[in-house]
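For reference, the structure is listed below as structure tokens.
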Amino acid sequence: MADNLTKSEVNRLIDAARLAREQAYAPYSNFPVGAAVLINDSEIYSGCNVENISYGLSNCAERTALFKAVSEGNRQIRAVAIFADTDRFCSPCGACRQVIAEFGRDVFVIQANNRGEYIINTIDELLPGGFTAEIMGKGAGV
Ligand code: THU
């Protein structure tokens, strides 16, 4: 089990997700989302949703942030924060849950709303019974 996140790590991640949301390209849904990924206990990568006229090609904020981190050589994902400007929490979609779970069952997922509230779960709690490397008889790739 990963160490719990500190309050300052949680706040830094939510701030980064809120800022990243401002870059969202969401002309079809008009639902801009920001996300931020914490690597170990220091570096942060952020991302936004990027939509496409061929709707199915749209990419969620979480996957944008994750792919940025991994493509820069960072696989030690400790936490992912998600922010949308709503009073509800922005729950990660099934595809993003599967992609987050690739980097460890104990990755923390922070859902933050525009009231300054947040909830934290592990990805294992959000994707129980997900498809894993063990099912294929392989060790985790990370
Ligand atoms: N979206 C995200 O980026 N993250 C989520 O957790 C939920 C949904 C995006 C996808 C799409 O661009 C828009 O929000 C509406 O679904």
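Sorted by average packing, counted as other Cβ atoms within 10 angstrom per residue and highest first, what order do 8-17, 133-142 take? Walk me through the numbers before you get to the answer.
On the way: 8-17: 19.5, 133-142: 9.1.
Peptide ranking by packing, descending: 8-17, 133-142.
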Would you work out which of Tyr118, Cys93, Ile82 lies farthest towards the positive end of the dipole of the chain? Charges go on Cβ: Lys and Arg +1, Asp and Glu -1.
Cys93
Relative contact order of region 53-142, defined on C-alpha pairs under 8 angstrom at six or more residues apart (%):
25 percent
Principal axis dimensions, the chain - Cα atoms, whole angstrom, descending
42, 38, 28
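Given N residues in region 60-142, what is its alpha carbon radius of gyration divided by 2.2 N^0.38 Å?
1.12
For the chain, give me the percentage of DSSP beta bridges that are antiparallel, rounded to the nearest 5 percent.
Numbers: 19 of 25 bridges.
Rounded to the nearest five, the antiparallel share is 75 percent.
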Applied in sequence order to region 90-107, the curve 6.51 cos²θ - 1.76 cosθ + 1.60 (Karplus, θ = phi - 60°) yields integer Hz couplings, x standing for Gly and Pro, of 8, 7, x, 6, x, 4, 5, 4, 5, 5, 5, 4, 4, 9, x, 6, 9, 5
Please give the peptides 118-128, 85-95 ranked by average Cβ packing (other Cβ atoms within 10 Å per residue), highest first, as a rough proxy for protection.
118-128, 85-95
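Taken together, the values in this text are just the output of simple stated rules run on the coordinates, not laboratory data. Everything numeric here is computed off the predicted structure, so don't read it as measured data. Neighbour counts run over all protein chains shown; Cβ positions are idealised from the backbone, glycine included.
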